[in-house]
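Presented below is the structure to which this report refers.
The values are calculated or read from the model by the stated rules, or taken from the named source; none is laboratory data. Keep in mind that what you see is a predicted model, and the values were worked out from it rather than measured. Counting neighbours? That spans all protein chains shown, and the Cβs are built from the backbone with ideal geometry, glycine included.
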């Protein structure tokens, strides 16, 4: 669940230390062994003249902490460029609220104070459940990089025979309009030698698919649809197979 007005919340997820799963250990350490005092985030990295490190195309953030164990309120600000601006969008947060919002990843989000307070109030009521309690998510089974190198899938070319779709299987991918060309799978070649328990066989089940990641302009949408039996998913699609779901 994410809350945010405009695309503000998405900004923190462009600063890996604030929301990236790979940095969860750092955040948990800070949330457990120190008292947060402030977070200053600088997500802008495309303009060399306006990013923190001109020679490094990296988003940057500053953590201010004290070596004491207190659940003190702290301010997280997101700045448009390389300077700390007093008027930049900010949010007052407590570490206990962060753990309540997402105990596993513990992200420091950027959104309006109103939205954050609403999220904390909803989670405090104890009625919300995580989707993982009811179903298991998988990344799309066909990886266009590794399977492409093995000759198992390929992009659409300008001049294919008109019966291409009868010969090869069209992959379920994010919208070709914004993410590239249509992609096809050599089904028999792909399934050859796959173990019975491999996710390659999930195409035999009904699934719910959703886009793996969203650009900033999709800040409040989970783009999802029903994927019927017989379809294969590109790795940019995540999905829930019917066999792992406790819900119909």
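When the test is whether a residue is in a loop (DSSP other than H, G, I, E, B) and either surrounded by 19 or more Cβ atoms within 10 Å (Cβ to Cβ) or assigned by TED's automatic domain parsing to the domain that holds residue 16 (or both), residue 56 passes it. Of the residues making up region 117-149, just one is within 28 Å of residue 33 (Cβ to Cβ), surrounded by 16 or more Cβ atoms within 10 Å (Cβ to Cβ) and within 19 Å of the chain's Cα centre (by Cα), namely 119.
Answer yes or no as to whether residue 103 is under 21 Å from the mean Cα position of the chain (by Cα) and free of Cβ contacts under 8 Å to residues at least 12 places away in the same chain.
yes
Which residues, counting only those in region 86-100, are in contact with a strand residue (DSSP E or B) (Cβ under 8 Å, 6 or more places away or on another chain) and not in a strand (DSSP E or B)? 88, 89, 94, 95, listed by residue number.
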